[in-house]
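The values are calculated or read from the model by the stated rules, or taken from the named source; none is laboratory data. Given the structure is predicted, the values throughout are model-derived calculations rather than measurements. Don't worry about glycine lacking a Cβ; one is built from the backbone with ideal geometry, like all the others, and counts go over all protein chains shown.
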Amino acid sequence: MANEKICDGDYVLIYLDARRTYMIKMQAGQTFHTHKGYLKLDELIGKEYGEPIKSSLGIYFATLKPALTDYIMKSSRNTQIIYPKDAALIVMFSGIGPGSRVVESGTGTASLTTALAYYVGPKGKVYTYELRPEFQKNAAKNLQRSKLIDHVEMKSGDVTLGIEERDVDAVILDLAVPWLVVPHAYEALKPSGILVSFSPTIDQVVKTTEALRENGFVFIETIECLMRTMQVERGKTRPNTMMTGHTGYITHARKILKPPVQETPQVSPQENTVAQEEPLEQEENSEEMAEEETA
Ligand SMILES: C[S@@+](CC[C@H](N)C(=O)[O-])C[C@H]1O[C@@H](n2cnc3c(N)ncnc32)[C@H](O)[C@@H]1O
């Protein structure tokens, strides 16, 4: 991310109002044109973030230091991206933090990669797999812009064929067929490691959940996050009329070590019948549970 003083080469968020914000790179000698006049970038270089800048038409713009959400929302896109509301929950459910090692796929525009790279910090690493080289190239540019590329290792290839990393803290999936990656994620994760998958459709969620159940994952949950923005004005404060109805579902789960395959005891059909007819143990168990509940 950028310094506190605006330097040549930094990105600055130029703000007129909530609908008119521009992420621009400071370049000495350059001008930036808006419908409210042009801005001389030389007047900004060396100033503190937050200082106003006057356009050639006398309109003041605010100069803001871009936050993580600005880098995500202003990324150069060639795929659908994960929006901040979902990225925030993905980060939270994945359990990652400074120093974590995370596998992600697909990279796409690298919006989610940007969020993951920010939270793992310089001592962590995001290994991000992408199938299409042209998307990877664009993603690299977005990560360079946010100055987070050093926290990321960009990997080319089909993640459904395997994951090279081992003992990672989390695996994060946002691609069409996450269920095909679940067995590889199991191999890559450390015990108790966390998998998070983002999918736009319920059909994908069902297939992914079934694959998780079959491949040594527990504590499986799917959620959807709906976000309403508010119009705030004295006497008229209420939710905005328009909202995004759906982005995707977030499924998260934890890896357990698979128990060793147990040999089935050889039971004769007669013994089996007796065992089924003995109610005593079951009753004792029910009492134990009742005691626990009332304790
Ligand atoms: C929806 S986009 C990911 C967007 C990304 N999460 C973001 O926030 O910018 C899905 C990406 O997965 C990639 N992809 C699809 N199948 C893949 C596979 N088997 N292996 C690696 N990448 C894959 C696609 O090329 C695409 O770039």
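Key figures for this structure:
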| quantity | calculated |
| --- | --- |
| Some residue of the range 70-80 being closer than 24 Å to V168 by Cα and surrounded by 17 or more Cβ atoms within 10 Å (Cβ to Cβ) | no |
| Residue in the range 169-181 that is more than 23 Å from I82 (Cα to Cα) and either in contact with a helix residue (DSSP H, G or I) (Cβ under 9 Å, 6 or more places away or on another chain) or crowded, with 21+ Cβ neighbours inside 10 Å (or both) present | no |
| Elements of type strands (runs of 3 or more DSSP E) in the range 153-231, at least 2 residues being within 15 Å of the ligand (Cβ to nearest atom) | 168-173, 189-199 |
| Number of the exception - M92 against (1) buried (at least 19 other Cβ atoms within 10 Å of the Cβ); (2) away from the ligand (no atom under 15 Å from the Cβ) | (1) |
| Among the candidates V274, V232, residue that is of a type outside the set (D, E, K, R) and modelled with pLDDT of 95 or more | V232 |
| Checking I53 against (1) under 27 Å from V182 (Cα atoms); (2) without any contact (Cβ under 8 Å) to a residue 40 or more places away in the chain; (3) touching a Lys or Arg at 6+ places or on another chain (Cβ under 9 Å); (4) of a type in the set (V, I, T), the condition it does not meet | (1) |
